[in-house]
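*Asks:* Dropping a structure here in structure tokens format, bear with me for questions.
Bear in mind these aren't lab numbers, they're just calculated from the coordinates by the rules spelled out. As the structure is a computational prediction, the values presented were derived from the model and not from experiment. With ideal geometry, Cβ positions are generated from the backbone for all residues, glycine too; neighbour counts draw on all protein chains shown.
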Amino acid sequence: MTPPPPPASELLWHAAAAACVKLLLVPSYRSTDFEVHRHWLALTHSLPVARWYADETSPWTLDYPPFFAFLELLLSFPARAVDPVIVHLHRGLGYGAASAVLFQRLTVVAADCCLVYAARRLTRNCEPGKGRLIWVLVIWSPMLLIVDHVHFQYNGFLLGILLLSISCLSEGKDLAGGCLFAILLCFKHLFAVAAPVYFVYLLRRCFRGGLARGIGRLSALGAVVVAIFAAAYGPFIYHGQMQQVIRRMFPFGRGLCHAYWAPNFWVFYIVLDKVLSFVLRRLGFDIQTPAASFTGGLVGNSSPFAVLPQVTPLITFIMVLLALSPCLIKAWRNPQPKDAARWIAYAYTSGFLFGWHVHEKASLHFVIPLALTAVQSLGDAKHYFWLSIVCCYSLFPLLYEAQEYPIKVLLLLLHCMAMFLSFFVLFDGSARVKATASESRTGDESGEKRSLGLAKKGGFTIGWITKCYLFGILLVELWGQFLHPYILGNKLPFVPLMMISIYCAFGIMYSWIWQLRSIVRGSS
Amino acid sequence: MEKKKAKKTAHVGDAARAGAGADADADAPWGWLTNRGLVPTFSLISLFGLLVRAAVSLHPYSGAGTPPKYGDFEAQRHWMEITVNLPARDWYVNGTLNDLAYWGLDYPPLTAYQSYVHGLFLKLFDPDAVALFASRGYETYFSKLLMRWTVLSSDVMVFFPAVFYFWIVYNRGRSRGGERCDAAWHVAMLLINPCLILIDHGHFQYNCISLGLTVGAVAAVLSQKDLIACALFSLALNHKQMSAYFAPAFFSHLLGKCLRRKNPFFEVSRLGLVVMGTFAVVWLPYLYSTDALLQVLSRLAPFERGIYEDYVANFWCATSVLIKWKSQGFLYGLLNSSLPFYLFSFQVHEKSILLPLLPASLLALDNPSLYKWLTHYGLLSMFPLLHRDGLLLPYITLNALYFLLYHVPRDKRVSKVTGSSAAYPILSAFSVCCYFGLHLIYLTMHPPEKYPFLFEALIMIFCFFHFALLAIYTNKKQWTLSKHSMLLNKEKKII
């Protein structure tokens, strides 16, 4: 008899308790993203739609798609009721009063309802143990707490829409899934990295019942998607603003890397370039110091690389597509609803590793969907365990002030421990069932010994390589926080950040290979 | 007879549950938390408790940005300044370098030593924060951080281990799944005590040290280590003289124990020696002359007044010398000793509610609704203070978090802790309405010119009414307990 799924009241309890912690974090450090969103509240409230993407009052111009702008407009009305200065275009610039901070933080907490609802929908038909674990991994995700509720962003809301879309796909509701993804794209175009997967998957799924039905389904899907995009971009097409909108959403003038290098493939490329240029100079070759920098824009034809060939946005685009291709082939051949989460997470991992101007926050896009697959098998659980720790650690440089240091360390430790305990219980129970089953089958002494061995191997354990790698994180942190300032003082200030970047990049690269392998081999 | 029957059915039930033990754990809401034993459960909950404390530390402290006097935060910083820069003899003496009118030390020497150690820590990282005279009203981002970290570290080093010690002793023999879940709930109640967190990590104080030492002493009493209990409680007394609220209960319980042993005089003198030894070690710098001793005692003046003004507390403490109390009785004794002190003492601060709250939290597993009652109304009594400090948001949040943790979803089949069922539903509903109403009135309305403290007074009267009811209830409970233990004694004598 399968146990009933956990009650919704439990989920609400988790959501409420998490909300309490989030509210306690209100006075913590805020990044410039706070001012960005406050300005967008003012912008959408004070100006007509035609001026939204053309306004130059603040350097924080609107660079998200229109649905997000409409959301900001919606929020600007209660904002004005709370404090009119928040939505004033000029007087509100750099406004950091308690009313503004509290209001904006509350909007992020409220927007997380989307994530909570998605978590509920995903675990409606789950076993209680697995369902609870998914809630803990998603609602109490330390990465979301750090990025959304301290640094300040609305990722919880956006990831909620993504998870809803995945939920619909995994239940076979393709139209709803595609629709939600289109809506998501109109909120934040960065999620478009998974569009090839969606496209191939949905296309193949449409035609599974024959050509006629396929064309019918495809047209329905196409019509809905077009309608959504029309609703989003229609007003701007009407005002002849589309070019301006596109220019704002895809800005040139940004380099291959962010100021803090996201732990992706390009980190290795840059390091290799530097090492090669150093070695070749020593050997006597004449290597020019590059004029451009990695973080600055594309300066004409000059490359920021001294030795290795230049990397352009087109090259990164092609590399992402290449990385996605095995997954697309799999999706085309056998579009299984239960694999949707895995493929989408893989798509975001590939986009993170090979994309242009990737932020480290983009690791959220693949870590959260992977939480759904983590409960499916022991291998997935082990993979998720160390990957989420590495990605959470890679976000540490976002909170660089001393006040938040205990908080981010405690969040990571809590997450680590909760994951370990709950994975252990989840897979220990199944290991014991396997052991007793094999016992009853064989019944003799050798069978008993084998079953004991099964019980030992079947449970959730951490291998020694993983332990070493995770211990290495501790060493990197000790160096960066304590030894480097003590020994080197103010010299080479970029070294600690670079070390974090490179160290995490190893882990994420390995995760990408692991995910690719698990997709190619096919999930059990 | 009833108890024996209940035990029997429990055994049968346990046997039935043990078979399905593993699965029940996996399916239970918190089976994953309690599955691996006591230490991982405690570690996880204490990590969460630390997170909540670190988050509350982000908020303002008492007297932030309010010259010339500021508040408790400045007082503690000033004590660090004094103890780091002056020799121990001058800490309690009025002089040119030590102006007692500006936040003079008025806690016993252990607080002074603790301030000294923390002052050294501050001096290492931010010497300007403890510079003599120049650092008055010193408030920077970094100094606030360092001060907050001293409280956090004190909590981790004193309060958390003491709670762990108590919890291990209290939960000996509770290893079944449902009981483990209840034990985990108990730790959450002990560690995530909103009043303590808001006062220590919000308003800014070091109650965690004296309360932690007291918890340690209680645990030592429960595990029959009376000498350690004496030493720890003496240290608690030497940190904050308000710990004397518990002194009658400790004294009479231990005296009663000694009198029942083979050689009572030897036992009593052993305990007495430990107490005197501890006091001597702590007061060592002030024992060179009677003047120095009296000078320090005069700074602790409320201590003297408090001890002589209250006789109400001591009825149960007196009887405990005659009746053999079990551990429950001792804990109720602590509660009944501290509540009247709080209710009737001279010069009591709102923060003193922390003292009756401590034994109530230790009893939380046995009497959850009592603890809940005391916590919510204790919080209300501190509301005006916390509002003045700018701690409204953490107040609301921690109140809500406590409520959630109290009503944590649990497997009702195996849990012994039931939700509170109000004895008089209409009366309690009315109380709840008043509770919220008072908050709203305080926040939204202005008091009349003639009575500027009207709302504070209303809140205080309302809370006093509830605390008085509570005191009656706990006394009645102890009466039942002692009657029960007297009957048991009689039965044993007959048998």
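*Asks:* Once phi is turned into θ = phi - 60°, what whole-Hz ³J(HN,Hα) does the Karplus curve with 6.51, -1.76 and 1.60 give for every residue of the range A:123-135, x standing for Gly and Pro?
*Replies:* 9, 4, 10, 8, 5, x, x, 5, x, 4, 4, 4, 4
*Asks:* What does the charge count around A:A402 come to, taking other residues whose C-beta lies under 15 Å from its C-beta (Lys +1, Arg +1, Asp -1, Glu -1)?
*Replies:* That works out to -1.
*Asks:* If you take the beta carbon distance between A:F278 and B:F436 as r and set R0 to 51 Å, what does 1/(1 + (r/R0)^6) give as a FRET efficiency, to the nearest 0.05?
*Replies:* On the way: r = 68 Å, r/R0 = 1.34.
For R0 = 51 Å, the calculated efficiency reads 0.15.
*Asks:* Here's a follow-up. Just round it to a whole percent: the fraction of Cα-Cα distances in the range A:122-265 exceeding 22 Å.
*Replies:* Counting pairs separated by more than 22 Å, the tail of P(r) holds 56 percent.
*Asks:* Further question on the same structure: Gain in length, A:L74 to A:Q288, computed as 0.36 nm per residue apart minus the alpha-carbon separation, to one decimal in nm?
*Replies:* So the chain would gain 71.7 nm between A:L74 and A:Q288.
*Asks:* With respect to the cross-link table entries A:K382/B:K144; A:K467/B:K372; B:K262/B:K490; A:K130/A:K361; B:K240/B:K372; A:K22/B:K372, which display a Cα-Cα separation exceeding 31 Å?
*Replies:* With Cα atoms farther than 31 Å apart: A:K382/B:K144; A:K467/B:K372.
*Asks:* Could I ask something else about it? To the nearest 10 degrees, how steeply does helix B:454-494 sit against the main Cα axis of chain B, on a 0 to 90 scale?
*Replies:* Between the helix axis and the principal axis of chain B, the angle is about 50 degrees.
*Asks:* Based on DSSP loop calls and a cut-off of at most 11 other Cβ atoms within 10 Å, the longest stretch of chain A free of exposed GluC sites (Glu not before Pro) is what?
*Replies:* Result for the longest clean stretch: A:57-400.
*Asks:* Ok, one more. Using only the alpha-carbon atoms of the range B:332-408, report the extent along each of the three principal axes, biggest first, to the nearest angstrom.
*Replies:* Rounded to whole Å, the extents work out to 36, 35, 12 Å.
*Asks:* Taking just the C-alpha trace of chain A, give me its Rg and Dmax in Å.
*Replies:* Over chain A's Cα set, Rg and Dmax evaluate to 24.5, 82 Å.
*Asks:* Could you state the per residue volume, in Å³, of the convex hull enclosing the Cα atoms of chain B?
*Replies:* Numbers: hull volume 82.9 nm³, N = 495.
Normalising the Cα hull of chain B by residue number yields 168 Å³.
*Asks:* Once you charge only the Cβ atoms, +1 for Lys and Arg and -1 for Asp and Glu, what is the size of the charge dipole of the protein assembly as shown about its Cα centre, to the nearest 20 debye?
*Replies:* Details: 87 positive and 57 negative charges, 689 e Å.
So the dipole magnitude of the protein assembly as shown works out to roughly 3300 debye.
*Asks:* Count neighbours as other Cβ atoms within 10 Å of each site's Cβ, and list the chymotrypsin sites (Phe, Trp or Tyr not before Pro) in the range B:115-154 that are DSSP loop with at most 11 such neighbours.
*Replies:* B:F133
*Asks:* Also, I was wondering about something else. Take every residue in peptide A:13-23, count the Cβ atoms of other chains within 10 Å of its Cβ, and give the average of those counts.
*Replies:* Values: counts 6, 3, 0, 4, 6, 0, 4, 13, 6, 2, 8.
What the average comes to for A:13-23 is 5.
*Asks:* Sticking with the crude label model, points 7 Å out along Cα→Cβ, report the distance from A:L488 to A:R333 in nm, one decimal please.
*Replies:* Rounded to a tenth, the inter-label distance reads 4.7 nm.
*Asks:* R0 = 41 Å: FRET efficiency of B:A134 with B:F344, Cβ-based, nearest 0.05?
*Replies:* So, using R0 = 41 Å, E works out to roughly 0.45.
*Asks:* Sticking with this one: List the residues whose amide H sits under 5 Å from the amide H of A:V358, counting only those 5 or more places along or on another chain, with H placed 1.01 Å from N in the peptide plane.
*Replies:* The answer is A:H258.
*Asks:* Suppose we look only past 17 Å in the calculated P(r) of the range B:434-495. What percent of the Cα-Cα pairs does that tail hold?
*Replies:* 61
*Asks:* Ignore the peptide's own chain and count Cβ atoms of other chains within 10 Å of each Cβ in B:134-146; give me the average, rounded.
*Replies:* Details: counts 0, 0, 0, 0, 0, 0, 0, 3, 2, 0, 1, 5, 1.
Shielding by partners across B:134-146 averages 1.
*Asks:* Now for a different question. Two-decimal Rg/Rh of the protein assembly as shown from alpha-carbon positions, Kirkwood Rh?
*Replies:* Here the Rg-to-Rh quotient is 1.00.
*Asks:* Considering the zone a paramagnetic label at B:L293 would reach in this model (a point 7 Å from Cα along the Cα-to-Cβ line), which residues of the range B:223-247 have amide N under 19 Å from it?
*Replies:* Zone members listed by number: B:234-235, B:237-239, B:241.
*Asks:* What are the ³J(HN,Hα) couplings of the range A:346-361, residue after residue, when phi is run through the Karplus curve with 6.51, -1.76, 1.60 and θ = phi - 60°? Round to Hz, x for glycine and proline.
*Replies:* Karplus-based 3J(HN,Hα) across the range A:346-361 equals 4, 4, 5, 5, 4, x, 5, 6, 10, x, 9, 6, 8, 8, 5, 5 Hz.
*Asks:* With labels modelled as points extended 7 Å from the Cα through the Cβ direction, what inter-label distance (nm, one decimal) is found for A:A16 paired with B:I426?
*Replies:* 2.7
*Asks:* List the chymotrypsin sites (Phe, Trp or Tyr not before Pro) within the range B:47-112 that fall in a DSSP loop (any state other than H, G, I, E or B) and whose Cβ has at most 15 other Cβ atoms within 10 Å.
*Replies:* Sparse-neighbourhood loop chymotrypsin sites (Phe, Trp or Tyr not before Pro): B:Y102.
*Asks:* Moving on. In whole Hz and in residue order, list the ³J(HN,Hα) couplings for the range B:92-105 that follow from phi through the Karplus curve 6.51 cos²θ - 1.76 cosθ + 1.60, θ = phi - 60°; x for Gly and Pro.
*Replies:* 9, 9, 6, x, 5, 8, 10, 8, 5, 5, 9, 6, x, 4
*Asks:* Next up: For an R0 of 30 angstrom, estimate the FRET efficiency from the Cβ-Cβ distance between A:A97 and B:F453 and round to the nearest 0.05.
*Replies:* Here the calculated transfer efficiency is 0.55.
*Asks:* What does the net charge come to around A:G94 if you take all other residues with beta carbon closer than 11 Å to its beta carbon, with K and R at +1 and D and E at -1?
*Replies:* Combined, the nearby Lys, Arg, Asp and Glu give +1.
*Asks:* If you place +1 on the Cβ of every Lys and Arg, -1 on the Cβ of every Asp and Glu, and leave all else neutral, what size is the dipole of the range A:281-415 about its Cα centre, to the nearest 20 Debye?
*Replies:* With only Lys, Arg, Asp and Glu charged at Cβ, the dipole is about 360 debye.
*Asks:* Work out how far the C-alpha atoms of the range A:79-124 reach from end to end along every principal axis, then list the three figures in whole Å, largest first.
*Replies:* 47, 17, 17
*Asks:* Another question, if that's okay. Give a quick list of chymotrypsin sites (Phe, Trp or Tyr not before Pro) in the range A:175-284 that DSSP marks as loop, anything other than H, G, I, E or B, with at most 12 other Cβ atoms within 10 Å.
*Replies:* Passing both the DSSP loop test and the Cβ count: A:F252.
*Asks:* Mind ordering A:388-399, A:506-517 by average Cβ neighbours within 10 Å, highest first? List each step's numbers first, then the result.
*Replies:* Details: A:388-399: 22.0, A:506-517: 17.8.
The packing order, highest mean first, is A:388-399, A:506-517.
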